[in-house]
Every structure is written in structure tokens, then in C-alpha cells.
Amino acid sequence: MFGAVVTTSTGKLATMSNRVKTGIAGIDTMLDGGIPQGNQVVIAGAPGTGKTLFAFEYIYKGAKLGEPGIFFSFNQDTESFLRTVKDTLTGFTDIDLLIEDKKLVILGYEETKTFIQKGSESTNYAFTGMISQLQSRIEDCQATRMAIDSLSYIKMYTKDPFEYRNLLTSLLIILGRQHVTSLITAEAGQEADGIHQEFFIYDGVISMGSVHGSGNRVLSIRKMRGANHAHGIAQYRITPNGINVTTPQTQQ
Ligand SMILES: Nc1ncnc2c1ncn2[C@@H]1O[C@H](COP(=O)(O)OP(=O)(O)OP(=O)(O)O)[C@@H](O)[C@H]1O
Ligand SMILES: [Mg+2]
């Protein structure tokens, strides 16, 4: 059955019934079923809020459903990344099997560093090859899910804001055309309401943070094109079985 047709930032059409389940406890309910297929979503938050684990769980849970996904890490090599997630998410016992099965692909820094080309001057970096490299990896794996961890790392190496926004816009358009549904992590302010101006480009914004002084972890869905999502602030915990989100405290 088809639902209402919506247009996303990348100009593509999606139906309300076409949802990609994150598999993260509590999130799919908040999203009224999942992320609308083809949406490019930023996971924004302060350091240590669980952005990387959130994005990894999304790829892992997809792999378990038979939906191939790629996790691109721009700051950790594959071996140390896997060690960290296996040490934290000890309930995810079949990571290696899913990798063998080619449902879960981790491309760590040893691979992604080739996406960044160093110019003749030490401060001069370029991302001209990045989008085509991402595209060819997605095609190789026939991935329908993707995570980029993190955008802030890419931003750090981009010379001027115009170049960065241009790259970001092209990236989101091309990912949309490939029908992948992506989570892209980004550093934001210390509090859960930390938000960057550029986030309007994305189809969705999920913000992770903590309540000042209490130590409670909280997240909210700031926007999700094509979904009648919850607007409240929800508490979450990081557990050996993944992120666990409890019901939003308030609905608007
Ligand atoms: N076993 C555990 N149980 C509960 N929480 C844990 C456990 N291991 C790690 N954590 C929490 O997870 C956080 C790391 O999660 P993650 O790497 O996903 O955060 P991040 O937002 O990506 O951080 P960064 O900004 O550094 O990239 C740690 O700071 C810690 O608070
Ligand atoms: Mg991280």
C-alpha cells in the first residue's frame, strides 16, 4: 500500500510507507515506523554522546535484516574501530559473521584517508574524489544504508565554508539519487539543543546531548522530512545491547 508522496531535499520522491527501520530501541516508534527511505540524516551532538555507536547500530541492525550497509570512519582505522564497538556493544556477538557475509562493511581511516587529497601546500586539502569514491563503494556493496563518521572531520580539513557547503550539498544529492538512507554524525554544542545553521540541508536532524547538571542523556528528533515524528525529549542509555531510548517526556 502506498502512502502520501513527499519530496525530500534531494528532489526525490518517497512514499510514507517506505521506512527504513533503525532497529534502535525506541527510535522507530519516535519516527512513526523508521526513517523515510532515501533521507540523509545528521546525528548531532557533543563529544561522547554516543553518535558513533548510534550510527554503527543503525548499520548493524540493517545488516541483520539482510540490508547491506557501509560504515565509513574518517578518524579510526578499521581494527581499532571494531575493537571499540565490540568492547562496548558486547551483546552484538555476530559482527564478524555479518562482515564475512558482506552485509556489514567497515571502511576505516586506512581506506577513507584516500578520499582526502593533500595538495602541494601542507594546509591544502581537497575532497574532489570523495563523492565518486563513496559512490563506487556503495555500488560495490549494493549498500542501501550508509553511515559517515564524522562530518566534522571532513569540515576540519576543508579550506573555506563555501567549499564545504558545496561538497555537503553535492554529497547529499548524490546519496539521494543512489537511494541510500544515511546517518552522518557531526559535532554540535554541549547541550542537546546545539544546532548548526547548515543542518537545514539535511532531510533529518537527530540531536543527542545531556541535561545540564543532571548527567541524564537525552535526544530529540529536530526534523524528519516525510515522517510524523515525536517532538519530545527522550532519555537514552548506552547499553551492551545498543542505545536504549525511553518514551519522550513531552509531545508538542
Ligand atoms: N560499556 C559502556 N556502557 C555505557 N556507556 C558506555 C560504555 N562504553 C562507552 N560508553 C559511553 O559511550 C561514549 C562513547 O560513545 P561514542 O563514541 O558513540 O560517542 P561520540 O558521540 O561518537 O563521541 P565523539 O564525539 O568522541 O566522536 C563514551 O563517552 C561513554 O560515555
Ligand atoms: Mg564519534
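The values are calculated or read from the model by the stated rules, or taken from the named source; none is laboratory data. Since this is a predicted model, take the numbers as computed values, not measurements. Counting neighbours? That spans all protein chains shown, and the Cβs are built from the backbone with ideal geometry, glycine included.
Values for this structure:
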| quantity | calculated |
| --- | --- |
| Only one of G62, G69 that is closer than 18 Å to D28 by Cβ, more than 15 Å from ligand 1 (Cβ to nearest atom) and in contact with a Pro (Cβ under 9 Å, 6 or more places away or on another chain) | G62 |
| Evaluation of T49 against (1) surrounded by fewer than 24 Cβ atoms within 10 Å (Cβ to Cβ); (2) more than 13 Å from the chain's Cα centre (by Cα); (3) within 16 Å of ligand 2 (Cβ to nearest atom) (one fails), failing number | (1) |
| Residue, nearest to ligand 2 (Cβ to nearest atom), within the stretch 85-112, restricted to residues that are β-branched (V, I, T) and without any contact (Cβ under 8 Å) to a residue 24 or more places away in the chain | I99 |
| Test: E163 is within 16 Å of ligand 2 (Cβ to nearest atom), modelled with pLDDT under 95 and charged (D, E, K, R) | no |
| Qualifying residue in the stretch 184-200 (condition: surrounded by fewer than 21 Cβ atoms within 10 Å (Cβ to Cβ), under 19 Å from R145 (Cα atoms) and touching a helix residue (DSSP H, G or I) at 6+ places or on another chain (Cβ under 9 Å)) | no |
| Sole exception among (1) in a helix (DSSP H, G or I); (2) within 16 Å of ligand 2 (Cβ to nearest atom) for G62, by number | (2) |
| Condition check for F2: more than 19 Å from A230 (Cβ to Cβ) and at pLDDT 95 or above | no |
| Residue tally, condition assigned to a helix (DSSP H, G or I), within 12 Å of I138 (Cβ to Cβ) and more than 15 Å from the chain's Cα centre (by Cα), over the stretch 169-185 | 2 |
